[in-house]
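Below: one structure, written as structure tokens.
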Amino acid sequence: MNTQEIIKEQVTTHSVVLYMKGTPELPQCGFSANAVKILNACGADHIFTVDVLSSPEIRQGIKEYSNWPTIPQLYIDGEFIGGSDIVTEMYQNGELQKLIQK
């Protein structure tokens, strides 16, 4: 499988997917740490995470897949939600909780 096929499989076979720098236990940037914190606050208990720092192909490929230039990137039910700012905004207005808890 090529990188785009791997990414497509990841986002379509897991309900919540976070492409991030580092791991949930040891995030390597503040934006990734913020995204994990918000997902946990929303009650997301089955988060599939991908550490883009350990895979340069995925790091570049996810930016092409979503046409979004930054990491982290959140996908819910195969749909690209956004990066840290959008995730934060959606959490603050209650939209993200509804998506995660459906």
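Of the residues making up the range 41-70, those that are under 14 Å from P24 (Cα atoms) and either buried (at least 21 other Cβ atoms within 10 Å of the Cβ) or touching a Leu at 6+ places or on another chain (Cβ under 7 Å) (or both) are I47, T49, V50, V52. Screening the candidates I38, I86 for the property of being buried (at least 20 other Cβ atoms within 10 Å of the Cβ) and either under 12 Å from the mean Cα position of the chain (by Cα) or among the hydroxyl-bearing types (S, T, Y) (or both) yields one hit, I38. Does the range 66-86 include one or more residues that are outside any strand (DSSP E or B) and in contact with a Cys (Cβ under 7 Å, 6 or more places away or on another chain)? There is no residue in the range 66-86 that is outside any strand (DSSP E or B) and in contact with a Cys (Cβ under 7 Å, 6 or more places away or on another chain).
When the range 47-67 is filtered for residues that are closer than 18 Å to T23 by Cα, touching a strand residue (DSSP E or B) at 6+ places or on another chain (Cβ under 8 Å) and not charged (D, E, K, R), the ones remaining, listed by number, are I47, F48, T49, V50, V52, L53, I58, I62.
Which of the residues belonging to the range 9-57 are touching a residue at least 60 places away in the same chain (Cβ under 8 Å), part of a helix (DSSP H, G or I) and among the hydroxyl-bearing types (S, T, Y)? T12, the sole residue that qualifies.
Here, each number is a calculation from the coordinates, and none is a lab measurement. Keep in mind it's a predicted model, so treat the numbers as computed, not measured. When we count neighbours, we look across all protein chains shown, and the Cβ atoms used for this are built from the backbone with ideal geometry, even at glycine.
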